[in-house]
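As structure tokens, the structure follows; a few thoughts come after it.
Read-outs throughout are calculated quantities, based only on the coordinates presented, and are distinct from any laboratory measurement. Every value quoted in this text rests on a predicted model; they were computed, and no experiment measured them. Methodologically, a virtual Cβ is constructed for each residue, glycine included, from the backbone with ideal geometry; neighbour enumeration extends over all protein chains shown.
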Amino acid sequence: MVKLTINGRKIQAEEGTTILYAARDNNIFIPTLCENEAVSPYGACRLCLVQIKTARGRERLVTSCIYLVEEGLTVETNTERIRKIRGVLLELLLARCPDSEVIQEMAAKEGITITRFYKRKGNNKCILCANCARTCEEVVGVSAISLANRGVDRELTTPFGDDFSEACIGCGSCAYSCPTGAITLIDRGSKRTIKWPHNRMEFKLQKCSVCGNYWAPEKQIAYIAKTSGTKLSEYVACPDCRD
Amino acid sequence: MEKYAVYVPRLVKKRENFAPGHRACIGCGEALAVRLAFKALDNNVIVANATGCMEIVASQIPNSSWHLPWIHTLFENAAAVASGIEAAYKAMRRKGMDVPNNVKVVAIGGDGATSDIGLQAISGALERGHDFTYICFDNEAYMNTGIQRSSATPFGAVTTTSPAGKKSFGQFTWKKNMPEIAAAHNIPYVATACHSYPFDLMEKVKKAVNTPGPAYVHVLSVCPTGWRSATDTVIRLGRLAVETGIFPLYEVENGQYKMSIDLPKLKPIQSYLKGQGRFRHLSDDLIAQIQERVKLEYEKLLGKAKNGNKRTKRNR
């Protein structure tokens, strides 16, 4: 166990955990958007910024979702300096995604309702946190979408920007892991539509042979059958009707 | 929301607030529902738990399943205790004491604690507008004391105090519509959920807790012991309850109804009733009567949801 101090409270954390998780276990709230336990940390949104002082006395600002706990570390999560930086970050995010309710709510909690920066036009809620791309690669294992280009041109996209990704199985994990609601998934009848900020893709859903409900995309069933080494004929009925 | 299959469950938080190793019966749907509900929340939650199954199985001295601050209350006053906690935090903050400002209060109880014994405390707490969430885990009878009927027991169900025989067919009153009673208080958020739709349940609990003001979530939890059903059919029975329309999933946000799952056609009620021993004695007449009532109630609800949608469109 590692001993450290967060906001004046002496706490213990297991070696190898990040400051964010250590704080969360002790009910110290650090705001974050891009964190997800299931995927590797990425440090994209920068909202979990904290001020640390190492045992040697070196002071700096770090993102708590990446920085691992150390012996004798002193962490401050809510100083004047942190609040100021977090405010600017939230204003920048508000300017980038003026329509996102999650960011509006988060900003309102910090007392920010208007942004000084130029508001981007169009209904874009993506903050480029790569939660979707990381999920697609690490959890699902297909890498159907990823972030492309650099700097201001950076965007979430399918390969070559087409409205079709050969690898995508339509599981909807990206829509679930998206923190701001930039990716939407709609099931209507036999068709599933997944909308990414710049592309969209449609999938055919498989009908259950017993009850007649549509239950999963055909491509996802083929992928599951392939990775688990089972026959496709085992998936004609939905999980409710299977015995 | 319910068609997330294999990959999304891996994205859910791993930390549990309700630990395993408790003394619930095999195949307990309520323990599953409690686990999912508190998995959706962080650890900044105070739980007021009314007497009932979940209090008995999870807190036998010297053990506890709760990784959260937890208070056992009497049968009748879970909502009153929760409102007291909320008021105490408010008072401490007003006096300038150093208390965390993101503490959420959740009261939980069974169907007996909610719709029979604790009804007036809940009604009072909802009416006073305390910022708390009440979650009712409805297993449709007093299961903990040996399956006695409650007002949430459905029509025709056998319990030890509503037995079936020559002169009786089991419970002869209809299930009390508790979510509608809560919605009639004009509170910001009311929802129904079921453990067989885990993402829907977690989303609703998260939404309810983050809503300022009172919120009410009614969770149907299958009880194989009391329902006399096989322990491996718990999830299926929950899904059938929703698919047959006997327990529809919906939310009421600021008075506007919204159906959670779009069912093109309801399944016949027999498919739900036949798996349960408590409905074994029902004659075809009674089943037809139940079917008619379920259809009527479901259409009433659909009508409300439709009107709600129209209103939102007009407002825009």
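Taking other Cβ within 10 Å of each residue's Cβ, how do A:Cys211, A:Cys168, A:Cys238 sort, fewest first?
Least to most surrounded, the residues fall as A:Cys211, A:Cys238, A:Cys168.
Could you order the peptides B:158-170, B:87-99 from most to least packed, using the average number of other C-beta atoms within 10 Å per residue?
With the highest mean Cβ count within 10 Å placed first, the list reads B:158-170, B:87-99.
Name the residues whose placed amide hydrogens come within less than 5 Å of the amide hydrogen of A:Leu49, ignoring near sequence neighbours (fewer than 5 apart) on the same chain.
A:Ser64
Return the ratio Rg/(2.2 N^0.38 Å) for chain B, where Rg is computed over Cα atoms only.
0.98
Give, in whole angstrom and from largest to smallest, the semi-axes √(5λ) of the equivalent ellipsoid of the protein assembly as shown, with λ running over the eigenvalues of the Cα gyration tensor.
In descending order the semi-axes read 41, 31, 22 Å.
Check A:Trp215: other-chain or 5+ apart residues with amide H under 5 Å from its amide H, H built from backbone geometry?
Under 5 Å from the amide H of A:Trp215 lie the amide H atoms of A:Gln206, A:Cys208, each far enough along the sequence or on another chain.
Return B:Ser64, A:Ser233, A:Ser64 ranked ascending by Cβ neighbour count within 10 Å, so the fewest neighbours appear first.
Lowest count first: A:Ser233, B:Ser64, A:Ser64.
Rg over Rh of chain A, using C-alpha atoms and the Kirkwood radius, what does it come to?
1.05
Over 5 Å intervals from 0, what percent of Cα-Cα pairs in segment A:176-243 sits in each interval?
3, 16, 21, 21, 17, 13, 7, 2, 0
Taking the Cα centre as origin and putting +1 on Lys and Arg beta-carbons and -1 on Asp and Glu beta-carbons, what dipole magnitude results for chain A, to the nearest 20 debye?
It comes to approximately 740 debye.
Which Cα, out of A:Gly87, A:Pro217, B:Thr159, lies furthest along the positive dipole direction of the protein assembly as shown (beta carbon charges, K/R +1, D/E -1)?
A:Gly87
If you count, for each residue, the other Cβ atoms within 10 Å and average over each peptide, how do B:77-83, A:47-53 line up from highest to lowest? Please list the in-between numbers first.
Values: B:77-83: 26.6, A:47-53: 20.9.
Ranked by mean Cβ neighbours within 10 Å, highest first: B:77-83, A:47-53.
Which of the helices in chain A, when you take each full DSSP H run, stretch at least 27 Å along the axis at their Cα atoms and have an average Kyte-Doolittle score of 0.5 or higher?
On the way: long enough: none.
TM-like helix candidates: nothing returned.
Taking each residue of A:172-178 in turn, how many C-beta atoms of other protein chains fall within 10 Å of its C-beta, and what is the average? Working shown, then result.
Numbers: counts 6, 8, 3, 2, 8, 3, 0.
Other-chain Cβ atoms within 10 Å of each residue's Cβ, averaged: 4.
How big is the dipole moment of segment A:84-206 about its Cα centre under a simple scheme where the beta carbon of each Lys and Arg is +1, that of each Asp and Glu is -1, and everything else is neutral? Debye, nearest 20, please.
Roughly 400 debye for segment A:84-206.
Roughly how tilted is helix B:234-243, in degrees to the nearest 10 and between 0 and 90, from the longest Cα axis of chain B?
Helix B:234-243 and the main axis of chain B meet at about 80 degrees.
Relative contact order of segment B:172-316, please, whole-number percent, based on alpha carbon pairs below 8 angstrom and at least 6 residues apart.
Across segment B:172-316, relative contact order equals 22 percent.
Once Rh for segment A:131-235 is found with the Kirkwood sum over Cα pairs, what is the Stokes-Einstein diffusion coefficient at 37 °C and 0.692 mPa s, in µm²/s?
225
Sum up the charges of everything whose Cβ sits under 12 Å from the Cβ of A:Arg83, counting Lys and Arg as +1 and Asp and Glu as -1, but leave A:Arg83 out.
Result for the local shell: +1.
What ranking, highest mean first, results for peptides B:8-20, A:192-204 when packing means the other Cβ atoms within 10 Å averaged over each residue?
A:192-204, B:8-20
With +1 on each Lys and Arg Cβ and -1 on each Asp and Glu Cβ, how big is the dipole of the protein assembly as shown about its Cα centre, in debye rounded to the nearest 20?
Roughly 1060 debye, rounded to the nearest 20.
Taking neighbour counts of Cβ atoms within 10 Å as a proxy for exposure, in what order, fewest first, do B:Phe38, B:Phe155 appear? Provide the component values of the computation, followed by the final result.
On the way: B:Phe38 23, B:Phe155 18.
Going from sparsest to densest Cβ surroundings: B:Phe155, B:Phe38.
Starting from the Kirkwood radius over alpha-carbon pairs of segment A:36-81, derive D by Stokes-Einstein at 4 °C in a medium of 1.567 mPa s and give it in µm² s⁻¹.
On the way: Rh = 11.5 Å.
D = 113 µm²/s.
In degrees, nearest 10, range 0 to 90: what is the angle between the Cα axis of helix B:284-315 and the longest Cα principal axis of chain B?
40
Would you mind checking the tilt of helix B:78-94 against the longest principal axis of the Cα atoms of chain B, expressed as 0 to 90 degrees and rounded to 10?
Result, in degrees: 20.
Positive end of the charge dipole of segment B:10-315 (Lys, Arg +1 and Asp, Glu -1 on Cβ, about the Cα centre): tell me which of B:Met202, B:Phe75, B:Ile135 has its Cα farthest that way.
The listed residue farthest towards the positive side: B:Met202.
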